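Only the coordinates and a few stated rules stand behind these numbers; no lab work does. As the structure is a computational prediction, the values presented were derived from the model and not from experiment. Quick reminder, even Gly has a Cβ in these numbers, built from the backbone with ideal geometry, and neighbours come from all protein chains shown.
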Amino acid sequence: MTCPTPIAFADAVDYWAGELTSSEADRIEDHVFGCNECAGELASCEALTRGIAAVARGGRLHTVVTDAILNRLAADGVRIRMFTLEGDGIVPCAVWAGDDLVVGRIRADFAGVDAVTIVTRLASGDEIGRLADVAVRPGQREILNAFSAAHLRTLPATRVQVSVTAAGDGGERTLAEYTLEHGGAFERPSGIQ
Ligand SMILES: [Zn+2]
């Protein structure tokens, strides 16, 4: 039997991450109580989201996350280093031994935009990450771009460019650009978190 009103995958992720309002969460709980199919979906979604921790440590993760997901990952013992990308100026960054996940907290004016593309490039021009069609909700002011620290540890010291673009009339337009000065990978943890 196929559920006529299946729970959307995005809602299942938000439910697991604790990002739904209580009435939205109640609606999902009421539904899965009577629907085996969606109960199974919800369970596999939780397993998938928990799998992010293992994937991050494996060095393959590059994705957009939310604060709620980061809180859950931190609670599961994932060590997270955060850098804020906002306005002009060069952001110094680096990766330390023991880091699992490095998160760029990208702050920009996303007004009137419902999806963006985020491209991360080294000074050499090599792309180290491209996330297309990242959904932006009305009123959203930041996007959290997460990289596996294991992957970043393989990079040399280099300047890194992050550009955020959106589709507009006549093609892609740039919403924001940021420059990071990546110092490389270090053994000792620094004082900053
Ligand atoms: Zn259902």
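Using a 10 Å cut-off on Cβ atoms, rank the peptides 33-39, 163-169, 51-57 from the highest mean neighbour count down. Walk me through the numbers before you get to the answer.
Details: 33-39: 13.1, 163-169: 15.1, 51-57: 17.1.
Final packing ranking: 51-57, 163-169, 33-39.
Calculated from DSSP H runs of 4 or more alone, at -39500 (n - 2.57) each and per residue, what is the 222 nm mean residue ellipticity of the chain, nearest 500? Please report the intermediate quantities before stating the final value.
On the way: 5 runs with 58 residues, N = 193.
Rounded to the nearest 500, the figure is -9000 deg cm²/dmol.
Report, in order of residue number, the helices in the chain meeting two criteria: a C-alpha extent of 30 Å or more along the helix axis, and a mean Kyte-Doolittle hydropathy of at least -1.0; treat each whole DSSP H run as one helix. If you can, show how the numbers build up before the last one.
On the way: long enough: 36-58 (33 Å, 0.28).
Going by DSSP H runs, the hits are 36-58.
How much length is gained on full extension from residue 2 to residue 159, taking 0.36 nm per residue of separation minus their Cα-Cα distance?
On the way: separation 157, 0.36 × 157 = 56.52 nm, distance 5.13 nm.
Residue separation times 0.36 nm, minus the Cα-Cα distance, leaves 51.4 nm.
By its C-alpha gyration tensor, with a ≥ b ≥ c as the square roots of the eigenvalues, how is the chain shaped: rounded for a/c under 1.5, else prolate for a/b larger than b/c, else oblate?
Note, shape of the chain comes out oblate.
Using every alpha carbon pair in the range 85-193, what percent of pairs falls into each 10 Å bin from 0 up to the bin containing the largest distance?
Percent of Cα pairs in each bin: 14, 45, 30, 10, 1.
Working out 0.36 nm times the residue gap between residue 167 and residue 29, then minus their Cα-Cα distance, what length gain in nm do you get to one decimal? Mind dumping the intermediate values first?
Numbers: separation 138, 0.36 × 138 = 49.68 nm, distance 3.68 nm.
Working it through step by step, the gained length comes to 46.0 nm.
Based only on the alpha carbon positions, what is the Kirkwood hydrodynamic radius of the range 25-107, in angstrom? Before the final figure, lay out the partial values.
Values: mean 1/r = 0.0665 Å⁻¹.
Kirkwood hydrodynamic radius for the range 25-107: 15.0 Å.
What is the distance in Å between the Cα centres of the range 123-193 and the range 56-120?
That distance is 8 Å.
Given 0.36 nm per residue, what is the gain on full extension from residue 60 to residue 140 after removing their alpha carbon distance, in nm? Numbers along the way, then the final one.
Working: separation 80, 0.36 × 80 = 28.80 nm, distance 2.67 nm.
Extending this stretch completely gives an extra 26.1 nm.
Can you tell me what share of the DSSP beta bridges in the chain is antiparallel? A percent to the nearest 5 is fine.
Working: 34 of 46 bridges.
For the chain, the DSSP antiparallel bridge percentage is about 75.
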